[in-house]
Amino acid sequence: MALEIRRPEMTGRAPLVDGFQRRITYLRLSVTDRCDFRCSYCMPEAMKFLPRSEVLSLEELHKLALAFIARGVRKIRLTGGEPLVRRDMVELVQALGSRLGHGLDELTITTNGTQLALFADRLASAGVRRVNVSLDTLDPALFEKLTRRDRLDKVLEGIAAAKAAGLKVKINAVALKGLNEAELPDLIEWAHAQGHDITLIEVMPLGEVEGDRVDHYLPLCVVQDRLEERWSLSPSTHSSGGPARYFDIAATGGRLGLITPLTNNFCAGCNRLRVTATGQLYPCLGGGERVDLRAAMRSDNPEAMLDAALDEAMQIKPERHHFRIDARGAEPSQPRHMSMTGG
Ligand code: SAM
Ligand code: SF4
């Protein structure tokens, strides 16, 4: 099928199309590598964070986002680390929010929820309509074990505040064998009862953590089979343009997404790029390919250099990732933690 290539509105600049004819319209921008949790599948307990001097300033993040919008990116998700622990985060959201309807269609955030009670109203006022909140369990003891923090109440308060502020909440849960495995149906029921969609994610081999990922890797085909013994899952026509497959569950009255990077490769439809808080563009979450946007931005001719860097990213974006979790003691597929690349 021929790819329709329209030039990004207003700028006349070339759209971002990679070597496999995938049109890139979605940016995940990490605003910090820091976090107030230490989720055991995401990072080690003694995680070392970057010196603040290496992280892009608010102005640089803004400038970078505008450069992507000028090349046809229409959706931006701010992530991290925990984006809401960055002090000037609301200013960035407000600045980008002013581009909604002017090249940008959607501005969203992925958060662990601890700061949502504080910020939900301001995010909504700035034009954010949806937030993804990561919540793997409703059991306080397991929550503390997984996040290494006793803050389930704060997260639940944050989710309620987001709903009260009119934000559409999607719960993201990583499925973990022997940890939240048995609780997943209850978590789905709870989310749907609260009016939230929920998406389950397979754990990915990104960065060193304590323990072996094989021990907690739970293929979602197994979860799906079990859920189908309990409820009827109807494939949904809903699409977020992302990698999730969606199902409607009449019994719980909500939608379930499944993200299966390990058991069901979804790269053919990939429309996204990821930029770390230090301005490193990774065209693939599972690949080592990288373009240094910070250097481009700090050069003598930032606009041209940024454009050239984005063109280079289109050339090096790989066809697919090569995640595997099948051998005990194996090295992670990528040494970068998810908190670094931005989930
Ligand atoms: N701190 C925010 C949060 O937790 O929502 C945003 C960043 S976090 C890295 C984004 C998402 O990545 C979270 O839903 C988290 O559960 C998920 N995640 C982290 N490490 C992962 C891994 N190794 N495999 C799969 N998902 C992971
Ligand atoms: Fe922090 Fe999110 Fe990683 Fe948990 S998953 S440690 S909340 S960045």
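The values are calculated or read from the model by the stated rules, or taken from the named source; none is laboratory data. As the structure is a prediction and not an experimental result, all values here were calculated from the model. Virtual Cβ from ideal backbone geometry, glycine too; neighbours counted across all protein chains shown. All accessible areas refer to the heavy atoms of the entire protein, side chains included, with ligands and DNA or RNA removed. Shrake-Rupley method; radii C 1.70, N 1.55, O 1.52, S 1.80 Å.
Just a few scattered comments:
- The set of residues in region 260-295 that are in contact with a Leu (Cβ under 7 Å, 6 or more places away or on another chain) and of a type in the set (A, V, I, L, M, F, W, C) comprises Leu273, Val275, Ala277, Leu281, Val291, Leu293.
- Matching residues in region 62-72 - criterion: being without any contact (Cβ under 8 Å) to a residue 60 or more places away in the chain and buried (at least 22 other Cβ atoms within 10 Å of the Cβ): Ala65
- Restricting attention to region 39-56, the residues that are open to solvent by 40 Å² or more (accessible area, probe 1.4 Å) and assigned to a loop (DSSP other than H, G, I, E, B) add up to 6.
- Hey, Arg149 at pLDDT 95 or above and not aliphatic (A, V, I, L, M) or not: yes
- Of the residues making up region 127-158, those that are open to solvent by 20 Å² or more (accessible area, probe 1.4 Å) and under 19 Å from Leu29 (Cα atoms) are Arg129, Arg130, Ser134.
- Pairs, first at positive phi in region 197-215, second open to solvent by 20 Å² or more (accessible area, probe 1.4 Å) and more than 12 Å from ligand 1 (Cβ to nearest atom), C-beta under 8 Å, six or more apart: Gly207/Pro335
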